[in-house]
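In what follows, a single structure is set out as structure tokens and then discussed.
The values are calculated or read from the model by the stated rules, or taken from the named source; none is laboratory data. Remember, predicted model here, so these are calculated numbers, not experimental data. Cβ sites come from the backbone with ideal geometry, for glycine too, and all protein chains shown count toward neighbours.
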Amino acid sequence: MRAVVFHGPGDLRYEDLPWPTPGPGEIVVKIDAALTCGTDVKTLRRGHPVMIPRLPTVFGHELAGTVSAVGAGVSDLREGDRVVAANSAPCGACALCLGGRANLCEDLLFVNGAYGEAIALPPRLVRRNVVPLGRALSAARAAFAEPLACALGAIERARLERGQTVVVFGHGPLGCLLGMVAASRKARVILVGKRGWRFERVRALAIGECVDATASADVVADLRAVTAGRGADVTVDATGLPEVWQQAMAAATRGGTVVFFGGCAPGTTVPLDTRRVHYEELTLVGAFHHTPDLIRRGVELLESDALNPDGLLTHRMGLERVREALELMSRGEALKVLIEP
Ligand SMILES: [Zn+2]
Ligand SMILES: [Zn+2]
């Protein structure tokens, strides 16, 4: 089969690999749709010690497809089933898994290989994090289950309530999905982004109000001005930039919640206004990754049509053009690229 293989930072190759066969407990999924992700861009630049511990590996982690072969002992999935597979599977046995926080599993198994014609999924993933799809949901839309589950997890961490105001910093695909989830819960959504092609595209999607940070001398003051001087009930950083983490804290109202969704470069530290955190009881929470439960709820949301991410697909390409797709992403000229093998 043809596949895009990651050999290390900057080294992506389009190669011929043997067609996978399923071992005991495994399934092979013929990939119908894969999506590019900002994490891929970051990983291509500097590697990823957690998601990609071994090299070389087939690249990509957001996918939907059709089961093409089933290994011994797999009873609940069969050939021809349309499925979405998450990119990780928790152990189900550690203290964090048992405590309902499987995203923080001490032995989270990551799976890569969305940018290929097919993928063999390991037994633990087959048992815990492969979700069958109804007929109505297209593969392209189903492949959003993974990033959507991350966004759902973050909004849940924020305990966002109907009628509250949420400010999302960052207008990439995840910033947009965070805004869409918040809007589906009837919150007022304000997206903060930077002028350019992508921001105009996001504005046209009408997910919420849009604030151009590049047109503002003081974006926190502007956000306070549009929230009657209060600041937002919930702010979310989806940029992974330390200066924006600070803006997210500064733009939160008394008693508000700040969600740190974007991961900063290793070793980054950020100063904290202790007076506000203490006397104004700011709640500061991190949000990372997803759980099998969030993946299922992501699929349900997509199947129910309560949330439609199609507008985030700005390009459509074949496998041989993955590198070009990721370059478009890194230049801010694409939101998500649909890769169809
Ligand atoms: Zn992703
Ligand atoms: Zn675990």
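Out of LEU338, LEU313, LEU326, LEU284, which single residue is hydrophobic (A, V, I, L, M, F, W, C) and farther than 30 Å from TRP19 by Cβ? Working first, answer last.
Details: LEU338 fails: farther than 30 Å from TRP19 by Cβ; LEU313 fails: farther than 30 Å from TRP19 by Cβ; LEU326 fails: farther than 30 Å from TRP19 by Cβ.
Sole residue among the options that is hydrophobic (A, V, I, L, M, F, W, C) and farther than 30 Å from TRP19 by Cβ: LEU284.
From the residues in region 303-340 that are in contact with a Ser or Thr (Cβ under 6 Å, 6 or more places away or on another chain) and in a loop (DSSP other than H, G, I, E, B), which one is surrounded by the most Cβ atoms within 10 Å (Cβ to Cβ)?
So, considering only residues that are in contact with a Ser or Thr (Cβ under 6 Å, 6 or more places away or on another chain) and in a loop (DSSP other than H, G, I, E, B), the one surrounded by the most Cβ atoms within 10 Å (Cβ to Cβ) is LEU335.
Could you check region 1-118 for strands (runs of 3 or more DSSP E) lying wholly inside it with 3 or more residues that are more than 16 Å from ligand 1 (Cβ to nearest atom) and at pLDDT 95 or above? Walk me through it before giving the result.
On the way: elements: 2-8, 11-16, 27-35, 63-70, 82-85.
Hits in region 1-118: 2-8, 11-16, 27-35, 63-70.
Yes or no: region 16-24 includes at least one residue that is within 17 Å of PRO122 (Cβ to Cβ), exposed (fewer than 14 other Cβ atoms within 10 Å of the Cβ) and within 16 Å of ligand 2 (Cβ to nearest atom).
no
Which one is farthest from ligand 2 (Cβ to nearest atom), of the residues in region 76-107 that are farther than 14 Å from VAL126 by Cα and touching a Gly at 6+ places or on another chain (Cβ under 9 Å)? Can you show your working first?
Narrowing region 76-107 to residues farther than 14 Å from VAL126 by Cα: 80, 93-107.
So of that shortlist, the ones also touching a Gly at 6+ places or on another chain (Cβ under 9 Å) come out as 98, 102-103, 105.
On the way: LEU98: 8, ALA102: 6, ASN103: 10, CYS105: 3 Å.
The selected residue is ASN103.
Tally the residues that are within 20 Å of VAL168 (Cβ to Cβ) and not small (Gly, Ala, Ser), restricting the search to region 277-300. I'd like the intermediate steps shown before the answer.
So the first thing to find is which residues in region 277-300 are within 20 Å of VAL168 (Cβ to Cβ), and the list is 282-290, 294, 297-298.
Now narrow it down to the ones that are not small (Gly, Ala, Ser): 282-285, 288-290, 294, 297.
Looking only at that region, the number is 9.
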